[in-house]
Structure formats: C-alpha cells, structure tokens
Amino acid sequence: MFLVSGILSAINAYLLNRWILNRTGSRGIVLMVPLIEELSKTLIALLLKSAIIETHITFGVIEAIYDIKTTSKGVGRLAALASIISHSIFGWLTYVIYTKTGLVSVGIIIAWVLHSGWNWYITKYA
C-alpha cells in the first residue's frame, strides 16, 4: 500500500506545487512546497493506513526520477540522490515524532521546518 500512497502523494504534491509556483514564483519553494509535500505524504499515508516512512521514501524515489528527467545529467543524479535521502529522513523524523508524541501534526511541522531549511539552503547555495 505504501507504493500507492507514495504515488498519490507525489501526484498531489506535483499538481499543488505547480499551482503554488505559478502564483508565487520561486518564493514558494522555501515555505509552501515543503508544507504541501509533508502534508501530502503523511496524510495520504495515514488515510490509506499505509507506512509513513515507506510512503516518504517512495515519494523521494519518484522525485528522484523527475530530477533525472528534468535536470542536466550530473546535477540531476546528485539531485536525485538528495531527493531520496532527504525525503527518507523527513519520513523517519515524522514517524518517530508522531509515535513518540501521538500527534501527527507535530511530526509534520518539524519535518516541514527541516524541509524548508533544506530548500532554503539548496536555493541559496547550490
């Protein structure tokens, strides 16, 4: 089931991210895109009674494929690897915080803040 939730969350995030970026330009990359992605991955996993971490990893793999297809060869491979690793970390963090606190919102918020920091760093220094 995690493959289904990962695929659905990737489709959902892709469509919402495009909508946001068309309205905000690159400003949305740091705050809105991470929020959409963290909400999408975690809430769809919960709605489908799927594994949170595996859903995040699946999402990262799908994003990695997108990175390879849409980015120059060398940068695309590095971006792909970063997608898989970062989304895996966000998923693990969300799951651990959720299981420790019983509050999925806390896990999502912390993953969102970390994801936003990552996107800020990438857009500023990469």
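The values are calculated or read from the model by the stated rules, or taken from the named source; none is laboratory data. Quick caveat, the model's predicted, so the values are computed rather than measured. Note that each Cβ is placed from the backbone with ideal geometry, even for glycine, and that neighbours are counted across all protein chains shown.
Some notes on this structure:
- Scanning the stretch 65-79 for residues that are in contact (Cβ under 8 Å) with a residue 12 or more places away in the chain and surrounded by fewer than 10 Cβ atoms within 10 Å (Cβ to Cβ) turns up nothing.
- Search result, residues across the stretch 90-116 that are farther than 14 Å from residue 51 by Cα and either surrounded by fewer than 18 Cβ atoms within 10 Å (Cβ to Cβ) or in contact with a Phe, Trp or Tyr (Cβ under 7 Å, 6 or more places away or on another chain) (or both): 100, 101, 102, 103, 105, 106, 107, 109, 111, 113, 114, 115
- Qualifying residue in the stretch 43-62 (condition: polar (S, T, N, Q), assigned to a helix (DSSP H, G or I) and under 13 Å from the mean Cα position of the chain (by Cα)): yes
- Among residues of the stretch 1-28 being touching a Leu at 6+ places or on another chain (Cβ under 7 Å) and assigned to a helix (DSSP H, G or I), the one that is farthest from residue 64 (Cα to Cα) is 28.
- Tally of residues being on the phi > 0 side of the Ramachandran plot and aliphatic (A, V, I, L, M) across the stretch 94-126: 0
- For the stretch 1-30, residues that are surrounded by fewer than 17 Cβ atoms within 10 Å (Cβ to Cβ) and either of a type in the set (Lys, Arg) or touching a residue at least 60 places away in the same chain (Cβ under 8 Å) (or both) total 4.
- Residue 63 under 16 Å from residue 8 (Cα atoms), modelled with pLDDT of 95 or more, touching a Phe, Trp or Tyr at 6+ places or on another chain (Cβ under 8 Å) and not β-branched (Val, Ile, Thr): no
- Residue count for the stretch 37-64, restricted to those that are small (Gly, Ala, Ser), surrounded by fewer than 23 Cβ atoms within 10 Å (Cβ to Cβ) and within 21 Å of residue 107 (Cβ to Cβ): 2
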